[in-house]
Structure formats: C-alpha cells, structure tokens
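Only the coordinates and a few stated rules stand behind these numbers; no lab work does. Computed from a predicted structure; not experimentally measured. So basically every Cβ, Gly included, is an ideal-geometry build from the backbone, and we count neighbours across all protein chains shown.
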C-alpha cells in the first residue's frame, strides 16, 4: 500500500509520494544509510539538500546548488537527501518542508533554510565556514 503524503494545515504536501531520483550527477553525494564511509572530514562544511522529486521548488533549487558547487568546488561537501526514500534522516533533522537546506560544520547545524535559497545567500553563509 502506498503511503499518503503528509500535508501542512494549508494542504501543501510535506513529505511523501514521488519517484526515485536518477543518481547520475557526480556534483554531490546522494544519501546512503548503508554507506557512511563518505562522512565529511571535520572542519569542512556540509550543505545538505532535502528534496522530493514531486516538489516544484525543489526542481528550482537543484540548478542553484549545481551552480554553487561548481563555484566553490571541494571546499564544501554537498549532499542530497530524497525525503521520500529517507524519511528517518529527514525526521532526524526535523524537516517539515521541502526544499530544506541544512548547513553543518563539525557535526553541528549552523543554518536551516526552508524554501528556495539563492546561490549568493548560500555562498555568503558558507564562505565564513571555509576560511
């Protein structure tokens, strides 16, 4: 039985429904709970993109993150977490809306951003963490 998407009080979906994301983009790592050997080194910021395939704003956020990753390169790890496939990981961070971006450093959440966030704003938050 397919699980019905959870909804906010205004009727918009929170988490649920959707198709598997094609894992063919090597700009960032996709979350894999079975393989945590790729954990980030201490001192290196991590940008985690919680998304869903059915989410229109998530589709707008993707290219923004791609652009940012090309610009900042290896200074920041970028992870993508499909909330439909990894609800436990979304719950761990208290994700209620997609897209949500989490910026972590040394295992601590530094910023949590809900909705589409522009590259310039992300860069301004990440730059002090890499210097």
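If you take the residues in the range 72-83 that are in contact (Cβ under 8 Å) with a residue 40 or more places away in the chain and more than 21 Å from residue 56 (Cα to Cα), which one is surrounded by the fewest Cβ atoms within 10 Å (Cβ to Cβ)?
Initially, the range 72-83 is screened for residues in contact (Cβ under 8 Å) with a residue 40 or more places away in the chain, giving 72, 75-83.
Right, trim to more than 21 Å from residue 56 (Cα to Cα) and you get 72, 75-77.
Numbers: 72: 18, 75: 14, 76: 23, 77: 18.
Among them, the one singled out is 75.
Restricted to the range 99-131, and to residues there that are in contact (Cβ under 8 Å) with a residue 60 or more places away in the chain and in a helix (DSSP H, G or I), the residue that is surrounded by the most Cβ atoms within 10 Å (Cβ to Cβ) is 122. In a residue-by-residue description of the range 84-98, the property of being surrounded by fewer than 18 Cβ atoms within 10 Å (Cβ to Cβ), without any contact (Cβ under 8 Å) to a residue 24 or more places away in the chain and part of a loop (DSSP other than H, G, I, E, B) applies to at least one position.
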